[in-house]
Amino acid sequence: METDVKRRILLKSSLAAGAISVAVGAGLLTPRQVLAAWPDKAFAAKNLPDALQALLGDTNAAESGDIKIKAPDIAENGAVVPVTISTTLAGAESITLIAINNPAPLVASFNLGEGAEGFVSTRLKMGKSGDVIAVVKAGGTLHSAKKEVKVTIGGCGG
């Protein structure tokens, strides 16, 4: 009796996995959000103004006390620097992270849905010590904050 139950569970799971595989293979379950346009120019930019212009369409980011960056003062390993960004700015549309001394400074950009809380937590890769800059787009304008992070072992091949 017990083997019949296990056999049924195995058959159901196999059929479900097979059906999903066929649907994915046929293009019926293609994740549309993931296939959005990738901002090549922004991530390839070698300096902050070019990256901001290519990604957000503006380079003027006013410093704001409404953006908080939580990151270590000294990161022992630049390959995994934990960073948390939070903002109380109303209508936050996106949060962009920049490691200014990286070969390609733009590290990540998060588009926030309507009504989403202005909060992002991730890990950055930093090649050497420098500022971590958070740029928040809210109400069509750019706001920024920065925090210096010292890296003892570089994470970008250093």
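The values are calculated or read from the model by the stated rules, or taken from the named source; none is laboratory data. Please read all numbers here as calculations on a predicted model, not as lab measurements. A quick note on method: Cβ atoms are made from the backbone with ideal geometry, for glycine too, and the neighbour counts reach across all protein chains shown.
Listed conditions (1) over 21 Å from residue 38 (Cβ atoms); (2) touching a Gly at 6+ places or on another chain (Cβ under 8 Å) are all met by residue 133, apart from (2). Take the residues in segment 49-89 that are part of a strand (DSSP E or B), over 14 Å from the mean Cα position of the chain (by Cα) and surrounded by fewer than 14 Cβ atoms within 10 Å (Cβ to Cβ), then tell me which one is modelled with the highest pLDDT. Ranking the qualifying residues of segment 49-89, first place goes to 70. For segment 90-127, give me each residue that is part of a loop (DSSP other than H, G, I, E, B) and basic (Lys, Arg). Scanning segment 90-127 gives a single hit, 125.
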